[in-house]
Amino acid sequence: LTFITSGIDGPLFSPTMKEYHKKDNVRGRIMLFNLEKPADGVRELMIVGNQFSYEDFAPHGISVLEEKGKIFLFVVVHRAEEDTVEKFEFLEKTLELKHLKTYKGTLVHLLNDVAATGPETFYTTDYGYYRNHVLHFLEQIIGLYYGHVLYYDGRDFIRVSEPTYMANGITLSKDGRHVYVVSSAGKKFIVYKPEANNRLTKINEVELDTFPDNPTIDPVTGDVLLGCHPIGFKITKHLNDPSTEIAASQVLMLHMDKSGTNVTGVTELLSDDLELYGSSSATLYKKRMLVGTVCHKMMYCEVNTL
Amino acid sequence: MAAVKFVLSIIATVVFAVVMKKLATVWNVFRSPVIAVHAPGPCIRLEGAEGGSEDLTALPDGRVFISSGVISSEKGKILLMDFLDNTHKIKELQLQSDQNMSDAHYHGLSVWQDNEKGGLTLAVIMHRSSGEDTVEMFKFDEKKQILIHSKTVRDPLFYELNDLVLVSENQFYVTCSLKWSLLELFLHLRFGEVLFYDGSRVRVAAGGHIFANGINISPDHRHVYVAELLEKDILVYERQGDNSLVLKQTKYVDSGVDNIEVDPKSGDLWVGAHPRIGTLIYFMHREGQGAPSPSQVLKIKTEKGMLRDVIEVFLDDGGEIPASSVATVFKNRMVIGSVTSNPLLCDIKYSK
C-alpha cells in the first residue's frame, strides 16, 4: 500500500501555481495506490474528523507508522498561517483517514518532510526560514543555512541538528538506527546517527550530481530510492509555471552497505524529460516502481534490470 | 602616462579573462561526475581479448573485427568475433606478411567490403616500436581465415594516428590526435588534423582539432563524423567532391568520446565514451591496473546526416567493464570494447 500526498501548495509557491491548480480543480488530497493490485488505480482517501479543515489543506511530506496493528500517517501540511504536522489513522475498511492530532510549534518555519519514530514522536525537516516564495528563492540562491532537522519528543519540537541548507526529504534507515536526510539544493545525501538525547550527529555525506528530493527505503535491501531533479533551473522554472515549463526526471538507487551508513554504488533507474516532469519521490515493491512528481503525473514502472 | 596605464589595464583584464576561460575549460575536461550505473539489459563479459579491444567494427553478417593491444605492455593482435556464435568465442587472426609485425601495437581499424568483387579489406593503424605510425592494409582470406598484408601506407604527415575509416578499397580518412607534442593539449591548442589518403598521396582534409580520435562516415558517405575526446564533442563534416571536409555541426555531448560506429540502416551513431577523462588518463598511465575508469555508451540519432538526440544507453563505474572506447550493435545486441581489456556483450532490451 502506498500513500500519496497530492495538491502541493502554500505561500512558498508562486501565484501561478494557484492558477494552475484552479484550472484542473486541484485540492490538497491524500491518495492511496496498491502496488499489489495496480489495476485498481489511485483512490482518494476521505479525511474525517471535526478538528480538520480542508480549506487550506496543502499536504507535503508524509510518513507511515505501523503500531499495534494500526496504520498511522504523519503529514506535513502547509496551512495559510503556519506549517503543521498532522496525524491520521488509516481506516482500511472505509478507506478513510481519521484526523487525530495537529502538531504546531514555534520552531516550525517551513516544513518539508517527516519521518515517524513512534506514535507520538517524529523527525521533521524545517528546511528554510522564509515562507514567502521570493525570499525562499533568495535563501536558496545565496545559500543560507537557515534550516534544521526538528524532533517532536511527544511534547514539543526541538532542534536536533546543526543548521542545514535546504534539507528536505527525510526518512529512517531500514533498521531504524540511522536518519537519512537529503539536501536538494545542496545536492547531498546525509546520514545521521541519533544519540540518546535524540540529537543527530552527522556521520556521512555523499555528493550527488543531481538535486535529490525525497528518499524512500527498499524494505528488502535497505537501499535508498531517490526521486531527483537532474536539471536545477528547469525544475525551478517548472515550479514557478507548471503549465508551460517542463522539467526532467530521474530516479536513483543508492546501494547501502550492511551498516546502513556508506553508499557502495549508485544505479539510475529512470532518466526522462519527455513523459514525466519533476520526479520527487519513488517507491519500489517487488520489481514494481511508482514515481511521484511535484505537480505533474505519477508513473508506474516495472523494474527488470537492476 | 594615464593613457599607458589605461591600455595596460585593458590588456591585463583581457589576459586575465583568457586565462580564466582556459582554466574553466580545463576544469570542465577533468570534472568527475557521479556515476549512476544502468544497463539496457543483461550483460556478459567475453574472453579472448585480455589485451584490450580498443576499436571494433561489425560486418552486416554479424562478424566483428577487433583490434587489441593499444597499451604498451600488451602484444598487438587482430581478433574476430561473431554475434551469431552462441559460444561468443573470440579468436586471434593470423597475419601473413613479409614484414615483422611482432612489435606492433594496433589502434583504430576499419573494414571495407567490395560488394561486386566480394573482397574484404581491413586497414589498421599500427604504432611501431620505432615511434613511427603507419596504416597497414590487409586482405582477408575467407577460406584460410587469415589476414594477408597488402600495403603499408607511410607519410610524414602521419603523427599520433588514432582512428581511420575506409571509403573505398584503398582510400581512407585518418585522424591525427596531435601535431607535434603533448604540450599542445596542456596549452589547449588546436592542431589535430584529419588526413585523406587517395590511394597514392596523403593530404590534409580538415584541421584545428583538440585530440581528434574516433572517425567514421554516414551510410551515404556524405558526412564524416569526428570525435574530439578532450573537447567532449562530435564534429559533423560534409564531404566535398575533392574529398576535402567542410564543418557543418559541432555537437557537445559532455563526455570523453572515443570511437564512433555508424548503424548502416538508420545512420545512428554508437559512441564509446569515457565519462571521467581525468580518471581515464590516470588509468591509462597505470596501464589498466588499479581503480578502473568508468564506461559509457551513447547512441546519437541523426537526421539527414546531422546529429540530433543523444541517448545514454549504458553507464558503468568500471566494475562491469573499464574504459569503454567503442560499441556496435547487431540485432538488439551490443558489444562494447574496452581500451584495456575484454569486451562486454549486452542485450538491448530497454532503450529508446
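Read-outs: derived from the displayed coordinates by stated rules, not from any lab. This one's a predicted model, so the numbers in the text were calculated from it and none came from an experiment. With ideal geometry, Cβ positions are generated from the backbone for all residues, glycine too; neighbour counts draw on all protein chains shown.
Measuring nothing but alpha carbons in chain B and taking Rh as the Kirkwood radius, the Rg to Rh ratio lands at 0.99.
Positive contributions from Lys and Arg (+1) and negative ones from Asp and Glu (-1), summed over other residues with Cβ under 12 Å from the Cβ of B:Val29, come out at 0. Neighbouring Cβ atoms from other chains, within 10 Å of the Cβ of residues in A:256-269, number 2 on average. Applying a threshold of 22 Å to the alpha-carbon distances of A:Lys202/A:Lys287; B:Lys77/B:Lys349; A:Lys68/A:Lys98; A:Lys187/A:Lys258 flags A:Lys202/A:Lys287; B:Lys77/B:Lys349; A:Lys187/A:Lys258 as lying beyond it. A simple spin-label model places the labels of B:Lys301 and A:Lys287 2.9 nm from each other, with each point 7 Å out along Cα-to-Cβ.
Helix B:2-29 sits at what angle to the longest principal axis of chain B, using alpha carbons and giving 0 to 90 degrees rounded to 10? Orientation of helix B:2-29: about 20 degrees from the principal axis. Between B:Lys265 and B:Val246, the simple label model (points 7 Å from Cα in the Cβ direction) yields a spacing of 3.3 nm. Helical content alone sets the calculated 222 nm signal of chain B at -3500 deg cm²/dmol, taking -39,500 (n - 2.57) per DSSP H segment of four or more residues and averaging over every residue.
Taking 0.36 nm per residue of separation and subtracting the current Cα-Cα distance, fully stretching the chain between A:Leu35 and A:Glu162 would add 42.0 nm.
Temperature 4 °C, viscosity 1.567 mPa s: under these conditions the Stokes-Einstein estimate for the range A:105-148, based on its Kirkwood radius over C-alpha pairs, is 114 µm² per second. Using just its DSSP H runs of length 4 or more, each adding -39500 (n - 2.57), chain A gives a mean residue ellipticity at 222 nm of -2500 deg cm²/dmol after division by all residues. For the Cα trace of chain A, dividing Rg by the Kirkwood Rh returns an Rg/Rh value of 0.92.
Between the amide H of B:Ala205 and those of B:Val194, B:Leu195, B:Phe196, distances stay under 5 Å, these residues lying 5 or more places away or on another chain, with hydrogens modeled in the peptide plane.
Panel order for B:Val313, B:Val165, by other beta carbons found within 10 Å of each beta carbon, from fewest to most: B:Val313, B:Val165. Panel values: the range B:147-250, Kirkwood radius from alpha carbon pairs, Stokes-Einstein at 37 °C and 0.692 mPa s, translational diffusion coefficient 236 µm²/s. Each of A:Asp153 and B:Tyr282 was given a label point 7 Å from its Cα along the Cα-to-Cβ line. The distance between the two points is 4.5 nm.
Report the net charge of residues surrounding A:Thr261, where surrounding means a beta-carbon distance below 14 angstrom and charges are Lys +1, Arg +1, Asp -1, Glu -1. In short, +1. The calculated FRET efficiency for the pair B:Glu50 and B:Arg128, based on their C-beta separation and a Förster distance of 22 Å, comes to about 0.45. When the GluC sites (Glu not before Pro) in the range A:64-172 are filtered for DSSP coil states and for at most 16 other beta-carbon atoms within 10 Å of their beta-carbon, the remaining sites are A:Glu81, A:Glu82, A:Glu92, A:Glu120.
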